[in-house]
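Novice: I have a structure I would like to understand better, so I am pasting it below and will then ask my questions one at a time.
Nothing in this text is a laboratory measurement; each read-out follows from the coordinates by a stated rule. The structure displayed is predicted, hence computed values, not measured ones. Glycine gets a Cβ as well: all are built from the backbone with ideal geometry, and neighbour counts include every protein chain shown.
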Amino acid sequence: MTSHHATTPAAGTRPVHLTPELVEDPVGAYAEFRAQERLPQVVLPGLQTPVRLVTRHTDVKAALTEPRLIRDRSKVPGGAGGADPQAELLEAAFAGFPADYAKYVSGHLALFDGEEHARLRVPLTRAFTARRIAALRPFVERVAEDLLSALAPKDEADLLGEFAYPLTTVVVCELVGIDDTDRDRVCAWIHDFAYGDGSRTVDGLVGIVDYVRELIARRRAEPTDDLISALIEGGRDGGDALTEDELISVVFLLISTGITPPALFLAHAVLALFDHPDQLARLRREPGLLDRVVPELLRHVSLVRIGASMYATEDFEFAGTPVKKGETVTVALLAADHDPREYGEGPERLDIARESGRGDGHLAFGHGPHYCLGAALGRLVTSVVLDRVLVRRPETALAVDRGELEFGHWPGDGFHLLRLPVRLCADAPGRSMDA
């Protein structure tokens, strides 16, 4: 990850205004917050509304399973007054979208609770089977290799824009079931909507919605072995049938969570290994460590640094802090994944041989009812990418000085890579995780 130096504002009765530098610094402010008896009040970058920030690993896990902390603010008994940081983020993200289309991207599964959340999530969980994900590996390997082979002759290739984004886009199209003949234009709409320069975001949104509506009708008439067909068939088999609007929203959930965050993670994961050349050299010597390096990179990078807003349904005490009904609480996943109480001395160090312990060994995919549906797919794609980019191509390296890398940030978040220029090399036969 990029390293920034900033002075943490003194904690006190006033909210601490976090900068992007502080949000993405795994030590800095979070170490001070973890040491406090009570949860700090902070204002996230670019926002105005203070929130209670949970930073200790055990408290973050508890918050993500606490029934008195909900995602849907409208369900707070008696209503929640005052400003809403989640509304600020949504307004910043979806301003200017036509209302008839914006509903598909603003009705995010992460913002529902309880029975409503389960009704929408259960069919997706049933369709998102381990078999379906495992079957994608040959496809992911083929697409990754084709993209890298095309980029290898270039003196400099952008591993984010020319590889990670196209890879995650095509994988989502394959998972959803976009027909081969439609893939180029659908991928172009996804590019415009999800990670283009912003000039054609609305055009991309409209194109995707109208196409998915047609695709749903096609799959109702002639099902195939894809996610959309599985979701439709689940309703026919006695499960809760999703409406057309809900099916379209599911596709946007996959686009929103399955393309940009994974692509950025892949770029930051490769950069983290460049930043730790001893660990990269060890991975190349011992490719069998890939099973450990994937969870360690997920922990180390924790690309989603700050979780979704949650709202207290009543007055109660949480993590030694009185929380008022309607008050906003959020979790710092990056802070939790660098908590010395959980990971011992030096949790900021990347250690590819680190024992991950029980479960994932990190909270990068969240925890509890909202645990990331795409976790298995994320692990699969990461393993393939590290193998193909760094192990099979042992000369792959940064093409610019570290200080020349460009970063940007969104409201409420830290910095993210805008490009990752690398020099690739030809595939070295016989070098892989199976070597």
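Conditions tested, residue by residue: (1) under 18 Å from PHE316 (Cβ atoms); (2) touching a residue at least 40 places away in the same chain (Cβ under 8 Å).
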position: GLU32; (1), (2): no, no
position: GLN36; (1), (2): no, no
position: GLN41; (1), (2): yes, no
position: LEU53; (1), (2): yes, yes
position: ASP59; (1), (2): yes, yes
position: ALA83; (1), (2): no, no
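Novice: Can you pull out the residues in the stretch 144-169 that are surrounded by fewer than 18 Cβ atoms within 10 Å (Cβ to Cβ), part of a helix (DSSP H, G or I) and among the aliphatic types (A, V, I, L, M)?
Specialist: Matches in the stretch 144-169: ALA150, LEU151.
Novice: Specify the residue that is nearest to the chain's Cα centre (by Cα); the eligible residues are those in the stretch 113-154 that are aliphatic (A, V, I, L, M) and farther than 24 Å from ALA230 by Cβ.
Specialist: First, the residues of the stretch 113-154 that are aliphatic (A, V, I, L, M): 118, 120, 122, 124, 127, 130, 133-136, 140, 143-144, 147-148, 150-152.
Within this subset, residues satisfying the condition of being farther than 24 Å from ALA230 by Cβ are 144, 147-148, 150-152.
Numbers: ALA144: 20, LEU147: 22, LEU148: 23, ALA150: 27, LEU151: 26, ALA152: 28 Å.
Here the residue is ALA144.
Novice: Looking for whichever is under 24 Å from PRO261 (Cβ atoms) and in contact with a Gly (Cβ under 7 Å, 6 or more places away or on another chain) here; the options are ARG137, ARG200, ARG126, ARG183. Which one fits?
Specialist: Unique residue meeting the criteria: ARG126.
Novice: Can you tell me which residue among GLY79, GLY177 is under 22 Å from the mean Cα position of the chain (by Cα) and small (Gly, Ala, Ser)?
Specialist: When all the criteria are applied, what remains is GLY177.
Novice: Scan the stretch 117-127 and tell me whether some residue there is in a helix (DSSP H, G or I) and without any contact (Cβ under 8 Å) to a residue 24 or more places away in the chain.
Specialist: Among the residues of the stretch 117-127, not one is in a helix (DSSP H, G or I) and without any contact (Cβ under 8 Å) to a residue 24 or more places away in the chain, which makes the answer no.
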